[in-house]
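All remarks here apply to the structure that follows.
The values are calculated or read from the model by the stated rules, or taken from the named source; none is laboratory data. For clarity, every value in this text was computed on a predicted model and none was experimentally measured. Cβ placement follows ideal geometry from the backbone for every residue including glycine, while neighbour counts extend to all protein chains displayed.
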Amino acid sequence: MIKQNLKKNNQPYLFRIKNNNDIPLLTKQTKITKEFSPLSGAETKYEPQKWNNPDVISSHNCYSYAMGHVLNKLTDKAQPGFSSGFNYVNDTNMTCKNFKKRLLKDNPGSYIENFENRCLDGFYKVFLALDVGNDYHWWKQDDTQYWSHKPGATEISKVDGNKRLIKNPLKSSRNFGLRNYDKPCFFACVHSDLTRTLEDIFEK
C-alpha cells in the first residue's frame, strides 16, 4: 500500500511504501504455477542499442541494468549497497540475506515479492541468484513479460544458459559455463526513479 505524506500546502514531498518484506527467500524447490509473472506497466523495453553502446557496456553491469539506469560518468561497476554505505561485496558477505538488505537500502520503497504477484504501479520485477563464493547476477522483467540480463561488461541478453528465452529466471538455466548461479535468492519489485545515484561516488 502506498501512503503519501503531504506538506501543509498539500504539495507531495515523500512517498512512504509499506510492504511485507518477510517473504521467505527462494529455494530450488520453490513451487511456481504461473508461466509468466504479471506486469505492472512500469517494465522497460529490451533495448540492446542503449546498453551495448561502447560508452556504456564496459562500465555497467547486471546490477546497473536491473536498476534501469544508464549513468553518465560511471567509472566503476555498481555494487549492491555501496552507495548506501555498505562495503563491497566479497566472498564472506555474498549471501541472499545480505543482498536483500543492500537492495532495500539502495532502492527505497523496493520490496520482496512472489513471482505470481503483480508489482505496485511504477515498480517492476527483478531477480537475484548467486554463484556462491564467486559471483552474483541480477535479471529484470521486460515489457514483453520475458526477462533479460547483462552479464558483467558484456552485451545484454534475453536468453538463459540453454539459449532459450527467459519466462522465469528461477526455472530457467542459470549455468553459463564459467559461472553457474545455482543459488536463487528472491524476486523483488523496484522503482528505477527511487534508485540511489552512483554518479558522485564513481565520478573521476
Task: Residues of region 64-96 that turn out to be assigned to a loop (DSSP other than H, G, I, E, B), within 11 Å of Tyr136 (Cβ to Cβ) and aliphatic (A, V, I, L, M), as a count - done: 2
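Of everything in region 32-56, what is among the hydrophobic types (A, V, I, L, M, F, W, C), surrounded by fewer than 17 Cβ atoms within 10 Å (Cβ to Cβ) and under 18 Å from the mean Cα position of the chain (by Cα)? Give them in sequence order.
Phe36, Leu39
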Open item on the list: Would you confirm whether or not region 110-127 contains a residue that is β-branched (Val, Ile, Thr) and more than 10 Å from Val190 (Cα to Cα)?
Closed with: no
TODO: For Thr75, state whether it is farther than 22 Å from Ser40 by Cβ, in contact (Cβ under 8 Å) with a residue 60 or more places away in the chain and β-branched (Val, Ile, Thr).
DONE: yes
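Per-residue answers, yes or no, for (1) of a type in the set (S, T, N, Q); (2) modelled with pLDDT under 90:
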{"site": "Gln4", "(1), (2)": "yes, yes"}
{"site": "Lys8", "(1), (2)": "no, yes"}
{"site": "Asp22", "(1), (2)": "no, yes"}
{"site": "Ser37", "(1), (2)": "yes, no"}
{"site": "Ser59", "(1), (2)": "yes, no"}
{"site": "Ala66", "(1), (2)": "no, no"}
{"site": "Asn72", "(1), (2)": "yes, yes"}
{"site": "Pro80", "(1), (2)": "no, no"}
{"site": "Phe86", "(1), (2)": "no, no"}
Open item on the list: Given (1) surrounded by 20 or more Cβ atoms within 10 Å (Cβ to Cβ); (2) closer than 20 Å to Leu71 by Cβ, identify the lone condition not met by Phe99.
Closed with: (2)
TODO: Would you mind finding the one in Ile32, Ile112 that is in contact with a helix residue (DSSP H, G or I) (Cβ under 8 Å, 6 or more places away or on another chain) and of a type in the set (A, V, I, L, M, F, W, C)?
DONE: Ile112
Task: Residue ID - nearest to Leu104 (Cα to Cα), chosen from residues in region 48-63 that are in a loop (DSSP other than H, G, I, E, B) and free of Cβ contacts under 8 Å to residues at least 40 places away in the same chain - done: Val56
